[in-house]
Structure formats: C-alpha cells, structure tokens
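Student: Sending over a structure as structure tokens; questions will come in a sec.
Every read-out reported here was derived from the displayed coordinates using simple, explicitly stated rules and does not represent laboratory data. Since the structure is predicted, the reported quantities are computational estimates derived from the model, not experimental observations. Cβ atoms come from the backbone with ideal geometry, glycine included; neighbour counts cover every protein chain shown.
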C-alpha cells in the first residue's frame with residue numbers, strides 16, 4: 001500500500017505571496033491532519049479534516065486554511081506569507097472515525113519564505 | 001491532553017536494549033499513551049500505543065505502570081537506524097490532534 005504523499009517537497013516563496021500544499025492520504029484513510037514543524041516551536045498541530053469537514057483546529061491565524069476533497073486528498077493554503085512561516089509542513093492520515101487509530105505521516109513539504 | 005515529560009537525550013550501545021521513560025502524571029482515564037519517532041528531516045513514524053496494559057509489536061514494547069502515571073518504551077535490540085527523536089504523547093482515542101513535546105533524542109552508538 002502506498003504511503004502518504006506530499007507535493008511539492010520543496011518550495012521557495014516571497015513574503016506576501018500565498019502557497020498551496022497538497023497531501024494524498026493512504027488509500028482508505030478518511031482523516032488528514034496537518035502539522036507545522038519549526039526549530040523554535042517544534043511540531044504543532046494546524047488542523048484536521050475528516051469526510052471533507054474540519055474536525056479539529058490548532059492555534060494558528062486565519063491565514064492558514066485547508067480543505068479536503070471527496071477522495072480524501074487535502075490541501076492547505078497559507079496566504080500573505082511571513083518569514084516566520086518558513087517550516088516543514090507535514091500531513092498525516094489515519095482511518096479516522098471513533099476508534100483508536102495511529103497516524104501515518106508523509107515526508108513533508110519544506111517551505112522557505114524569503 | 002495531559003502533559004508529558006521526557007529526558008532530552010539518551011545514549012544506547014548498538015545491540016543493547018534502549019529504555020525510554022515518559023512521565024504523564026495527569027493522564028485521564030480515557031487517554032492513551034502513544035509513541036512516535038522522527039528520524040532526521042523525515043515525517044514522524046508511529047511506533048506503538050497503549051491504554052493500561054503492556055503492549056508489544058514488531059518494533060517495540062510499551063510498559064505502562066499500574067497507576068498509569070508513567071511508561072517506558074523498550075527497543076529490545078537497538079541499531080544505528082534507531083537513532084531518532086522519540087515522542088511520548090498522551091491523547092484520547094481518536095488522536096487526530098497530537099500534541100508533540102520536545103521528545104528524547106536517542107543516539108545509538110557502536
């Protein structure tokens with residue numbers, strides 16, 4: 001079974017621009033979560049989507065948004081980029097639902113804002 | 001979610017067992033203990049989880065104390081490829097929102 005894939009793997013953007021990152025979950029997984037990892041703040045939860053609905057949200061400004069499609073693929077968007085948005089963005093998929101499920105992480109997208 | 005405390009770093013000789021401790025004294029009755037690890041610049045990898053019984057899988061064993069206030073992850077025969085940051089996370093069952101702490105950096109040496 002193929003793992004979680006994220007595109008692009010690397011991205012360089014300029015302050016003020018916007019960016020869209022993509023995540024394809026493992027086949028059959030309905031939950032997709034997004035995380036931001038920086039050297040200063042570590043791994044922080046952004047949001048989770050399940051069956052095309054945002055189910056959980058972390059403490060990030062409204063510039064960070066996401067969506068999930070009917071095939072469970074997810075995108076996250078960051079508008080008006082700031083230098084502090086430079087980070088590794090990770091997505092994780094799981095079966096979701098109400099059981100106890102582990103998350104499977106993708107390799108991440110490394111975003112550099114200049 | 002309950003807070004966890006882990007030592008910042010540990011060393012282990014290759015072939016020996018690595019025992020990584022975690023304190024979670026405020027854990028609630030419905031919270032599970034999860035362990036993930038992150039090898040440099042890769043996405044975190046799920047290792048194991050448990051509620052109150054000890055658990056074992058092909059990667060590791062998880063020992064949870066009877067009062068559930070602490071746990072230990074055991075890698076029975078550590079190899080150089082086990083060098084990573086290990087995160088102990090306490091979360092409810094659905095666990096779609098994981099709160100990562102600073103973890104334990106395990107260095108396996110020859």
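Student: Could you work out the relative contact order of the stretch B:39-110? I mean the mean sequence separation of Cα pairs under 8 Å and 6+ apart, divided by the number of residues, in percent.
Tutor: Details: 94 pairs, mean separation 16.5, N = 72.
That works out to 23 percent.
Student: Would you mind getting me the FRET efficiency between residue A:14 and residue A:67? Use the beta-carbon distance for r and R0 = 25 Å, nearest 0.05.
Tutor: Plugging the Cβ-Cβ distance into 1/(1 + (r/R0)^6) gives 0.55.
Student: How do B:100, A:60, A:105 rank when sorted from fewest to most other Cβ atoms within 10 Å of their own Cβ?
Tutor: Numbers: B:100 19, A:60 16, A:105 23.
In increasing order of surrounding Cβ atoms, one gets A:60, B:100, A:105.
Student: Taking chain A as a Gaussian network, Cα atoms linked when under 10 Å apart, which of A:67, A:30, A:15 shows the biggest mean-square fluctuation?
Tutor: Ranking A:67, A:30, A:15 by mean-square fluctuation puts A:15 first.
Student: Given an 8 Å cut-off on Cα distances and at least 6 residues of separation, report the relative contact order of chain A as a percent.
Tutor: Once normalised by length, the contact order is 36 percent.
Student: Among A:101, A:10, A:89, A:35, which comes first, second and so on when ranked by fewest other beta-carbon atoms within 10 Å?
Tutor: Ranking A:101, A:10, A:89, A:35 by Cβ neighbours within 10 Å, fewest first, gives A:10, A:101, A:89, A:35.
Student: For the stretch A:37-78, what is the largest minus smallest coordinate of the Cα atoms on each principal axis, given in angstrom and ordered from greatest to least?
Tutor: That gives 35, 17, 16 Å along the principal axes, largest extent first.
Student: If I build a Gaussian network model for chain B, linking alpha-carbon pairs within less than 10 angstrom, which residue out of B:52, B:69, B:97 has the largest mean-square fluctuation?
Tutor: B:97
Student: As a footprinting exposure proxy, order A:82, B:66 by other Cβ within 10 Å, with the fewest listed first.
Tutor: In increasing order of surrounding Cβ atoms, one gets B:66, A:82.
Student: What whole number of Å gives the distance from the Cα centroid of the stretch B:70-110 to the Cα centroid of the stretch A:1-75?
Tutor: When both Cα centres are located, 23 Å separates them.
Student: Let me ask something else about it. When the expected Rg is taken as 2.2 N^0.38 Å, what fraction or multiple of it is the alpha-carbon Rg of the protein assembly as shown?
Tutor: That ratio works out to 1.02.
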